[in-house]
Amino acid sequence: MKHVVAALGALMLAGCGGGAKDGAPADGDATAVAANDWDASDACALLDKAAVGAALGQTVIETNLAFVNKAEGSNAATSECTYRLANGDAATLMARRSPIGDNSDAAIKQTREGTAKTMAAFSDKAIEDVAGLGKAAFFVPGINQLNVFLDGDKFVILTISSAPAANAKDMAVALVGKIKR
């Protein structure tokens, strides 16, 4: 189920439009220079396993990087890191970075609405908007998934399905705050 929603978000964004950019930052744009170091093709490098373990109260015994796609032309860089916990549970972080900055308001709306429609088939819990985490963010209760549009070109989905429902959203928000920017 968690992979269905993660894949849905990534696929919806993959088709969003925008003109190709050369990837070079504008003169004097230090933020853009630093942002070029953000590698979505290695989600495991974006969120430290010790931070995940501490937040979930378990030791992360291994990480597994999968679904790696390097950016090429207008294709986005993507990957998913699975954090395997000592108790057998797991958490996942999917990262996406678009070379064409396609996290538009329309794309965000489409992703949120698509996720809500998908989840309606499995749950009656409403998706919750989360303020203060970038351009836009929403939490999917039941599967404990936080979708965050960090800015115009970076997007992450953190799923901590084994977290207790009472504090899963707060845990996810805290973990997303630890993602390397």
Anything in the stretch 137-166 that is in contact with an Asp or Glu (Cβ under 6 Å, 6 or more places away or on another chain) and open to solvent by less than 20 Å² (accessible area, probe 1.4 Å)? List them, or say none. Phe138, Phe139
Look at Lys125 and say whether it is exposed (fewer than 13 other Cβ atoms within 10 Å of the Cβ), farther than 19 Å from Leu56 by Cα and without any contact (Cβ under 8 Å) to a residue 40 or more places away in the chain. no
Among what's in the stretch 107-122 and is aliphatic (A, V, I, L, M) and surrounded by 15 or more Cβ atoms within 10 Å (Cβ to Cβ), pick the residue that is nearest to Ile160 (Cα to Cα). Met119
What's the total number of residues in the stretch 78-106 that are touching a strand residue (DSSP E or B) at 6+ places or on another chain (Cβ under 9 Å), more than 15 Å from Gln145 (Cβ to Cβ) and surrounded by fewer than 22 Cβ atoms within 10 Å (Cβ to Cβ)? 5
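Out of all the residues in the stretch 52-62, which are within 16 Å of Ile157 (Cα to Cα) and open to solvent by 10 Å² or more (accessible area, probe 1.4 Å)?
Of everything in the stretch 52-62, nothing turns out to be within 16 Å of Ile157 (Cα to Cα) and open to solvent by 10 Å² or more (accessible area, probe 1.4 Å).
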Of all residues making up the stretch 35-51, the number that are surrounded by fewer than 17 Cβ atoms within 10 Å (Cβ to Cβ) and of a type in the set (A, V, I, L, M): 3
For a quick check of your reading of the model, give me the residue pairs whose first member lies in the stretch 163-178 and is at negative phi and in contact (Cβ under 8 Å) with a residue 40 or more places away in the chain, whose second is open to solvent by 40 Å² or more (accessible area, probe 1.4 Å) and outside any helix (DSSP H, G or I), with beta-carbon atoms closer than 8 Å and at least 6 apart or on different chains. Lys169/Glu128; Lys178/Asp48
Scan the stretch 77-96 and tell me whether some residue there is farther than 22 Å from Leu56 by Cβ and either without any contact (Cβ under 8 Å) to a residue 24 or more places away in the chain or of a type in the set (Lys, Arg) (or both). yes
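The values are calculated or read from the model by the stated rules, or taken from the named source; none is laboratory data. The structure presented is a predicted model; accordingly, all values stated were derived computationally and were not measured. Cβ: placed from backbone, ideal geometry, glycine included. Neighbour counts: every protein chain shown. Accessible surface areas use protein heavy atoms only, side chains included; no ligands, DNA or RNA. Shrake-Rupley method; radii C 1.70, N 1.55, O 1.52, S 1.80 Å.
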